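The structure appears below as C-alpha cells.
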Amino acid sequence: MSSLSGKVAVVTGASRGIGKGIALALADQGAVVYVTGRTVLAGSNPLPGTIAVTAAECTRRGGKGVAVAVDHADDAQVAALFHQVRDEQGRLDILVNNAFSLPEDLTDPQSFWEKPLSHWEMVDVGVRSNFVAAWHAAKIMTPHKSGLIVAVSGYTGVTYTYNVIFGTAKSAVDRMARDMAIELKPHNVTSLSLWQGLTFTERAQRNLANVPGLDGRAATRPEDGCTPEFPGRVIAALAVDTNLATRSGGTFITAELAHEYGIKDVDGKVVPSLRSSRGAPIWSPIFSDRDQPISGNRPEDFMTTSATSDRLAALDVMVDRQEIHDALTRFSRGMDRFDRDIFLSAFHDDATIAAGNFVGGPIDLYEWARATHELGQVSTHHNLLNHTCDIDGDTAHTETYYLFVGRNHDDTNWIAGGRYIDRVERRDGQWRIALRTNVIEWSGIVPTMGIPFADVPDIHVNGAPSRSTTDPSYQRPLTNMRNPHVPD
C-alpha cells in the first residue's frame, strides 16, 4: 500500500510548476489530490499546463486527481473549494500553499520604484491567499487532531532575490507558518515552511533560455536546481513522519530535509543545500518538551530569535573553513610523505598549479615535485602558517603563508618562505584546490647539526621517519613499544 493511501491533499497553484510537481509526487504515494489553479483551457496561458491535465496525471500515477478551478484572490472561490473537500472527503490531511502571483517582469533588473505597483499582487496571492486557505483548512483539520500545512517559500526569505516585494512576501509566509503553528499546536496540526532553490518549472526553463546572464546569478545556477517533483517527495515524507509535530513552526531547507529522509530527485540527483551561500532560515520549530502544557498565552514559551539560526550559519562557515584548511594540509602531508593519493586528494582533477618553473595539473606536479625532492632532500617539511579564507558560495579564495624546510643530501638545510594563493571550490560537497599560485619570497641555505637523540638505542622502535606509509603517522592505533626511561 502506498504511504499516503487514504490521505487527502490540497495543492494550490498546481496547473504547472512547483504546484504540479508536488501534486504528482503526493499522488505517487496514493493520495487524493485536489489540484487548484486558474488555467482551465489549454492555450489560455503562455506556459503549458491546466488543472485538468495535472489531475489526470495524478490519477494515472496511482492517486486520485480532482481539478478545481480557483482564483486564490477570490475568497468565495476558495471557500467553495474547501466546502467541496469537506463534503466529498470529510477530512483534509495536507494543504500545500503554493499559489503565487508571479509578474512577467519579475527577473527584470529595474528597481522597485521603476516597476508597477501592481506587483503588490504577490502579497495578495502569495501571502493573503496562504492565510485564507489555511483558515479554511484548519477548520477541517483541527476537529480530527491531525494535519499538515506547508508554505512553499525560499532563500529569498532572508536573501535579496529579484525584487523587494518578492522577498517581503516570502519572509511573511515563513513568519505566518510559525505563528500558525503556535495556535495549531494544541490541536496537533503542524504548520511549517519549506525553502526551495531554483526549480526547473516551465517558467524557470523559459527564463533561463531567454534572460541573458540569469544562469550566472546565485539564485538561478542550473547546477543547484531540482525538478518540481523534488519538494513533493519531501512533503510526502513529512506527512508520514511520526515525529512531524516536532517540526511545527520551523522553516526548513527542502534539500536538507531530503538528505535527512534519504530522498533524491527524480533523476537521482542529490540536491545541494545553499545555506552557506544564500542564508539560513530564521524560524526554528516551536516544539517544547517542558513538563507543563503550553497554553499559548505565555510569550516566553514561544519566543525565538535569529540567534540559533545565526549560530548554525556561523557553524557552517567554520566547517567550510576547516574543510578548506584540511585540503591544504593534505597537499603538505602528501608531499612530505610521498603519498600520492593524499596529495592528489587536495586538488580537483582539472586543477592548475603554478609553482616555480612548473605550470600544470596535480598529477604532473606530484611526479615532478617528488622527483625533485627525492633527488635533493632526505626529508622535507611544507609547514603552513598564517591563513586567510574568503568564502563566497561554493568558491573560496585563500592566502596561506608557508615555511619550507628540507634536509639536503649534503647535510645542509634548505629553507624557503612564501605564500600559497589558492582558489578552492566545492564540487559534489568536496572542497579542493582548483587553482594555486605559489609565491616564493625568500630562500636560503643554513648549516645543519646532528639530529637530536639520534644516539638513543630505541629511538625508532615506535617507527622511524619515512617518506612512505611506514611512517609512524600512519600507525592505527598509535602504540608505544619503547621501555620507560627518565633521563638523569
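Put simply, the amide H of LEU148, placed in the peptide plane, has neighbours under 5 Å in ILE94, LEU95, THR190, leaving out anything fewer than 5 places away on its chain. Taking all protein chains in place and a 1.4 Å probe, what share, in percent, of the accessible surface of the chain do carbon and sulfur account for? The C+S portion of the solvent-accessible surface of the chain is 55 percent.
In terms of accessible area, using a 1.4 Å probe and ignoring ligands and nucleic acids, LEU315, LEU106, LEU403 rank largest first as LEU315, LEU403, LEU106.
Computed from backbone phi with θ = phi - 60° and the Karplus coefficients 6.51, -1.76 and 1.60, the 3J(HN,Hα) list for segment 263-279 is 9, 10, 5, 4, 9, x, 6, 8, 6, x, 7, 10, 3, 6, 9, 10, x Hz; x is used for glycine and proline.
Counting Lys and Arg as +1 and Asp and Glu as -1 over every other residue whose Cβ lies under 14 Å from the Cβ of THR220, the net charge comes to +1. Summing charges over neighbours of THR54, with a neighbour being any other residue whose Cβ is under 9 Å away from its Cβ, gives +1 when K and R count +1 and D and E count -1. In the chain, Cα pairs under 8 Å separated by at least six residues give a relative contact order of 9 percent. Dividing the convex hull volume of the alpha-carbon atoms in segment 306-386 by its residue count gives 119 Å³ per residue.
Pairs over the 24 Å Cα-Cα cut-off, from the set LYS7/LYS145; LYS20/LYS269; LYS20/LYS264; LYS64/LYS185: LYS64/LYS185. Entry note, the chain: the mean residue ellipticity at 222 nm calculated from DSSP H runs of n ≥ 4, each adding -39500 (n - 2.57), is -10000 deg cm²/dmol after division by the residues and rounding to the nearest 500. Summarising the amide proton neighbourhood of GLY37: residues at separation of 5 or more, or on other chains, whose placed amide H is nearer than 5 Å comprise GLY13, ALA14, VAL68, VAL70. Of the peptides 46-53, 455-462, the order by per-residue mean of other Cβ atoms within 10 Å, starting with the highest, comes out as 46-53, 455-462.
Across segment 1-142, the relative contact order, built from alpha-carbon pairs under 8 Å that are at least six residues apart, equals 24 percent.
Distance from the C-alpha centroid of segment 191-239 to that of segment 16-52: 16 Å, rounded to the whole angstrom.
Most simply put, the chain has about 55% antiparallel DSSP beta bridges, counting only bridges with both residues inside it. Backbone phi angles across segment 321-332, fed through the Karplus curve with coefficients 6.51, -1.76 and 1.60 (θ = phi - 60°), yield HN-Hα couplings of 4, 5, 5, 5, 5, 4, 5, 5, 5, 4, 4, 4 Hz in residue order; Gly and Pro are listed as x. Remark: segment 407-421, residue by residue, has Karplus-estimated 3J(HN,Hα) of 8, 6, 5, 8, 6, 9, 10, 9, 10, 8, x, x, 9, 8, 9 Hz, where x stands for each Gly or Pro and the curve is 6.51 cos²θ - 1.76 cosθ + 1.60 at θ = phi - 60°. Across segment 102-166, the volume of the C-alpha convex hull divided among the residues equals 89 Å³ per residue.
For TYR402, the accessible surface of its heavy atoms amounts to roughly 20 Å² (probe 1.4 Å, protein chains only, rounded to the nearest 10).
A Stokes-Einstein calculation at 25 °C with viscosity 0.890 mPa s, built on the Kirkwood radius of the chain over Cα pairs, returns a diffusion coefficient of 93 µm²/s. Backbone amide hydrogens, once placed in the peptide plane, bring VAL378 within less than 5 Å of ARG407, ASN408, HIS409, excluding anything fewer than 5 places away on its chain. THR159 exposes around 40 Å² of accessible area when a 1.4 Å probe is run over every protein chain in place. Solvent exposure of the chain amounts to 50 Å² per residue of accessible area, where only protein heavy atoms count and the probe is 1.4 Å. Ordered from highest to lowest accessible area with the whole protein assembly present and a 1.4 Å probe, HIS136, HIS381, HIS325 read as HIS381, HIS325, HIS136.
Sorting ASP394, ASP341, ASP108 by accessible area puts them as ASP341, ASP108, ASP394; the probe is 1.4 Å, largest comes first, and only protein heavy atoms count. Converting the Cα gyration tensor eigenvalues of segment 141-263 into ellipsoid dimensions via √(5λ) gives semi-axes, longest first, of 29, 17, 11 Å.
Using the Cβ of ARG91 as centre and a radius below 13 Å, the other residues enclosed give a net charge of +1, where K and R count +1 and D and E count -1. Summing Cβ point charges (Lys, Arg +1; Asp, Glu -1) relative to the Cα centre of the chain gives a dipole of roughly 1300 debye.
The values are calculated or read from the model by the stated rules, or taken from the named source; none is laboratory data. On a predicted model such as this, the values are computed, not experimentally measured, just so you know. Reconstructed Cβ throughout: ideal geometry from the backbone, glycine too, with neighbour counts over all protein chains shown. What goes into the accessible areas is simple: the full protein's heavy atoms, side chains included, and nothing from ligands, DNA or RNA. Shrake-Rupley method; radii C 1.70, N 1.55, O 1.52, S 1.80 Å.
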